[in-house]
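Asker: The structure's right below; bear with me while I get my questions together.
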Amino acid sequence: MTLMHYLISLGLAYLIGSIPFGYIIGKVFFHKNLLKLGSGGIGTTNTLRNLGLPAGIIVLCLDVLKGSAGALMSCLWGPIPADYWYFAVGVGAIIGHTYSVWIGFKGGKAVATSLGVLMVYSLPMVGIAMMAFGIAVFLTSMVSVGSMAGFISVTIAALLYQDWALFIVALILTIFVIYRHRGNLKRIKNGQENLIPFGLVYWAK
């Protein structure tokens, strides 16, 4: 893959990732602007809270799909020399989802789209991420904690398995996702984070 090929693939991945499915569904089907509701994000959690479960599931699937599609843009020019190229190109979709050109460079927190990229690279790692997510949500009743736990678990797993390409990417994304959740962390500290109707903390209330 030449530099020009890489830049084209990266640009296409960005455009795919920047499709604001949550925003579009909110506007077209519910006449609501997710950018002005809840956390202001266009991802699964804010969609779920403001548009309902069916819309949330649809947005989750579409955001995961665009992450996978973005990563596969690396294959446009033939077989890739190494699997880490999925990340090298897929990062464009993650950036596109987080800073979408279509909605003033706003977006989501990159969780579902990153999962889509990881699905192309390693399904076992997806299983680890989902297990950590589920356990964390069960214990805390907070999707934000589950999301961060998923990224941290993949980073640790990559280190243990000495998958250095995944470790570097996962570490960078973990730092980025935690930064994107800084508002959630502040609410957690103040005891004001939104709870989902599931898990030990919710049931204990």
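Asker: Heavy-atom accessible area of Ile196 with all protein chains present, probe 1.4 Å, nearest 10 Å²?
Answerer: 40 Å²
Asker: Then there is this: What is the Cα convex hull volume of region 58-167 when expressed per residue in Å³?
Answerer: 105 Å³
Asker: In the P(r) worked out for region 10-117, what percent of Cα pairs fall beyond 20 Å?
Answerer: Numbers: 1976 of 5778 pairs.
Of all Cα-Cα distances in region 10-117, 34 percent exceed 20 Å.
Asker: Considering the Cα positions of region 85-131, please state its Rg to one decimal place and its Dmax as a whole number of Å.
Answerer: Answer for region 85-131, Rg first and Dmax second: 11.6, 36 Å.
Asker: Find the eigenvalues of the gyration tensor of the Cα atoms of region 149-205, then list the square roots of 5 times those eigenvalues as equivalent ellipsoid semi-axes, largest first, in whole angstrom. Show your work: numbers first, answer last.
Answerer: On the way: eigenvalues 167, 42, 9 Å².
Value: 29, 15, 7 Å, ordered largest first.
Asker: Would you list Tyr84, Tyr23 from the most to the least accessible area, probe 1.4 Å?
Answerer: Values: Tyr84 115, Tyr23 55 Å².
Order by accessible area, largest first: Tyr84, Tyr23.
Asker: Below 8 Å between Cα atoms, with a sequence gap of 6+, how large is the relative contact order for the chain in percent? Walk me through the numbers before you get to the answer.
Answerer: Values: 332 pairs, mean separation 39.6, N = 205.
Taking the mean separation of contacting Cα pairs over the length of the chain, I get 19 percent.
Asker: Name the chymotrypsin sites (Phe, Trp or Tyr not before Pro) in region 93-158 that are in a loop by DSSP and that have at most 12 other C-beta atoms within 10 Å, would you?
Answerer: On the way: sites: Tyr99, Trp102, Phe105, Tyr121, Phe133, Phe138, Phe151; in loops: Tyr99, Phe105.
For chymotrypsin sites (Phe, Trp or Tyr not before Pro) across region 93-158 that sit outside H, G, I, E and B with at most 12 neighbouring Cβ atoms in 10 Å, the list reads Phe105.
Asker: Hey, which lysines would be in cross-link range of Lys106, C-alpha to C-alpha under 29 Å, not counting anything within fewer than 8 residues on its own chain?
Answerer: Within the straight-line limit of under 29 Å, Lys106 reaches these lysines: Lys27, Lys32, Lys36, Lys66, Lys186, Lys189.
Asker: Another one. So how exposed is Met142, as accessible area in Å² (1.4 Å probe, rounded to 10)?
Answerer: Its accessible surface works out to 30 Å², give or take rounding.
Asker: Tell me, in nm to one decimal, what length is gained between Ile156 and Met131 on full extension, where the rule is 0.36 nm per residue of separation less the Cα-Cα distance?
Answerer: On the way: separation 25, 0.36 × 25 = 9.00 nm, distance 1.36 nm.
Length gained between Ile156 and Met131: 7.6 nm.
The values are calculated or read from the model by the stated rules, or taken from the named source; none is laboratory data. All values reported here derive from a predicted model rather than from experimental measurement. In this analysis, Cβ positions are derived from the backbone assuming ideal geometry, glycine residues included, and neighbour counts consider all displayed protein chains. For accessibility, only protein heavy atoms count, side chains too; no ligands or nucleic acids. Shrake-Rupley method; radii C 1.70, N 1.55, O 1.52, S 1.80 Å.
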